[in-house]
2 protein chains.
Amino acid sequence: MLGQDGVDGCCPGLLTAPLDEAQSVELAKVFKALGDPIRLRLLSMIASRAGGEVCVCDLTPAFDLSQPTISHHLKLLRQAGLIDCERRGTWVYYWLLPEMTDRLAGILTRPAGQPLPEPAGTAGDA
Amino acid sequence: MLGQDGVDGCCPGLLTAPLDEAQSVELAKVFKALGDPIRLRLLSMIASRAGGEVCVCDLTPAFDLSQPTISHHLKLLRQAGLIDCERRGTWVYYWLLPEMTDRLAGILTRPAGQPLPEPAGTAGDA
DNA sequence: AGGTTGTATCGATGTTCTTCGATTCAAGAT
DNA sequence: ATCTTGAATCGAAGAACATCGATACAACCT
């Protein structure tokens, strides 16, 4: 889901052509995963790790939330394709899947050849 | 809110350093606005318009939703700073605020000097 | 085997979100 | 002034979400 041809297809996405329904549904899932402050902080903590991965045991105590809640948020980020994880002994480590953030960045980037005329405020039709 | 110094501050955001609480709350509002298929389609329809603006009367009939619902979604996109609008006679026109999408794209883009070592699967600690 | 620690899953609860019909507001036309 | 059309606002109803405590699962230690 997403990645096959929908979201990044050839590249344009979002700002250059109208999204069709299927594309918008898939894309919305990813943005919805980013639409929560806790998940955004989790993602940034995971992504900014030099080693490339973080133990859950380092993430959980950084929040005033229960352990199951953090686990739930991590699951949503994983289902969105933004991160992945692996158990290593007693601990579970998470890391960023940069393909997805790259894809989102591309989707939000205009082709540079689309200046967006005037903000209409100064344009008017008079 | 957002844009002053929080989200783009100097530039890094999200993938290079942990977000603080205030930043994550502001950013989450914008991503949450993008986390709905209808709003994503509305935004793409608005952004991809050559003229730079779209009349609401062109947006509403493109969906199987009531007029108040579309109006509501447009309001959320506007409150997120993604679009703006202006009434011109009987009609209201919406256009993209590229500053916000540019900002998001920047936030999701890694500085290129962050290769993300190995996916831990091949690393192991043994 | 039994105990301990770290993490995920399960139900339940309160909140937020999406959507609607009804209404109100804005502006032009008769 | 009244009517008509386009768009926003106002409740209300149902669905989806965030959060918790309790519990189950996984792996290590003694």
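The values are calculated or read from the model by the stated rules, or taken from the named source; none is laboratory data. Keep in mind that what you see is a predicted model, and the values were worked out from it rather than measured. Positions of Cβ are generated from backbone atoms using ideal geometry, with glycine treated the same way; all protein chains shown enter the neighbour counts. Areas reflect the complete protein model, heavy atoms only, side chains present, ligands, DNA and RNA absent. Shrake-Rupley method; radii C 1.70, N 1.55, O 1.52, S 1.80 Å.
Observations on the model:
- The residue A:112 and residue B:17 beta-carbon pair, evaluated with R₀ = 22 Å, returns a calculated FRET efficiency of approximately 0.20.
- As a length-normalised measure over Cα pairs under 8 Å and 6 or more apart, the relative contact order of segment B:21-107 settles at 30 percent.
- In this assembly, the B-A interface accounts for approximately 3800 Å² of buried accessible surface in total, computed with a 1.4 Å probe and without ligands, DNA or RNA.
- Accessible-area loss of 20 Å² or more (1.4 Å probe, protein heavy atoms, chain alone versus all protein chains) is found in segment B:83-106 for B:86, B:88, B:95, B:96, B:98, B:101, B:102, B:105.
- At R0 = 25 Å, FRET efficiency that the Cβ-Cβ distance of residue B:86 and residue B:64 yields, to 0.05: 0.40
- Segment A:21-104, accessible area per residue, ligands and nucleic acids excluded (1.4 Å, Å²): 45 Å²
- The accessible surface of segment A:21-104, taken with every protein chain in place and a 1.4 Å probe, is 50 percent carbon and sulfur.
- Amide H to amide H, with H built 1.01 Å from N, residue A:88 comes under 5 Å of A:93, counting only residues 5 or more places away or on other chains.
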